[in-house]
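Student: Sharing a structure, written as structure tokens. Questions coming.
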Amino acid sequence: MGKPRCPWSLSDADMRHYHDVEWGVPVRDPRDLFERLTLEGMQAGLSWRTILVKRPHMARVFFGFDPERLARTGDEDLARWLKDSGIIRHRGKLTAMVGNARRFLELADPAAFLWGFVDGAPVQNRWEAPADVPSKTPVSVAMSKTLRKEGFRFVGPTICYAFMQSAGFVNDHLVSCFRHGEVAGGA
């Protein structure tokens, strides 16, 4: 706990664990990328803490965020999900997840498609203060526009940038954070 971390991660052990283990680490597995994109869409209007608490249950209910299985779900699944307090019960987000799974499967190579927005390599930022970190960038705007054109929903520029941070498309750990160099070294 004594290591310097990004300030947003200091509120509790779950946030520290997510920061220390997952956030900013490059993800290339298509299912993992779909999970990250889905979780960021689910987070819209909510705290990330809420998503972390509900994530294990959502993973069970949503078939491990497997886009192939989610793409085959229907009205009965949606009705069941809307009654489940362990998930984010927002009809728009749930139907977007299913639709996004279908769109995701239509991409020839989802990982290459998404990583193409950063030319296949993580962007190594060098932010010194939380206020330096943007909520969106021209790249996240372009990603959002392209995903929407492909039929994805809940993929605005801010959601796309949060996805890019989470999945390691950008290293937004502050330079003072112990993870900045570790993540940069593993890119």
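Student: Just for the range 41-78: of the residues that are of a type in the set (A, V, I, L, M, F, W, C) and open to solvent by 50 Å² or more (accessible area, probe 1.4 Å), which one is farthest from SER135 (Cα to Cα)?
Tutor: The extreme case among them is PHE63.
Student: Do you know which of the residues in the range 94-123 that are open to solvent by 20 Å² or more (accessible area, probe 1.4 Å) and among the hydrophobic types (A, V, I, L, M, F, W, C) is nearest to GLU76 (Cα to Cα)?
Tutor: LEU105
Student: Right, another one. Name, by its number, the condition in (1) over 15 Å from the mean Cα position of the chain (by Cα); (2) surrounded by 12 or more Cβ atoms within 10 Å (Cβ to Cβ); (3) closer than 28 Å to HIS173 by Cβ; (4) free of Cβ contacts under 8 Å to residues at least 40 places away in the same chain that does not hold for TRP127.
Tutor: Every listed condition holds for TRP127 apart from (4).
Student: Exactly one condition in (1) under 28 Å from PHE178 (Cβ atoms); (2) over 13 Å from the mean Cα position of the chain (by Cα); (3) open to solvent by less than 60 Å² (accessible area, probe 1.4 Å); (4) not hydroxyl-bearing (Ser, Thr, Tyr) is not met by ILE87; state its number.
Tutor: Just one mismatch for ILE87, condition (1).
Student: Within the range 157-187, how many residues are part of a loop (DSSP other than H, G, I, E, B) and at pLDDT below 95?
Tutor: Qualifying residue count, the range 157-187: 1.
Student: Something else about it: Report, by residue number, each residue of the range 135-187 that is more than 22 Å from GLU22 (Cα to Cα) and of a type in the set (Asp, Glu).
Tutor: If the condition is that a residue be more than 22 Å from GLU22 (Cα to Cα) and of a type in the set (Asp, Glu), then GLU150 is the only one that fits.
Student: Starting from residues that are assigned to a helix (DSSP H, G or I) and within 24 Å of ARG31 (Cβ to Cβ), keep the ones in the range 143-156 and report whichever is most open to solvent (accessible area, probe 1.4 Å).
Tutor: LYS149
The values are calculated or read from the model by the stated rules, or taken from the named source; none is laboratory data. What you see is a predicted model, and the numbers here were worked out from it, not measured in a lab. Neighbour counts are summed over all protein chains in view; Cβ atoms, including those assigned to glycine, are modelled from backbone coordinates with ideal geometry. Side chains included, ligands, DNA and RNA excluded: accessible areas come from the protein's heavy atoms. Shrake-Rupley method; radii C 1.70, N 1.55, O 1.52, S 1.80 Å.
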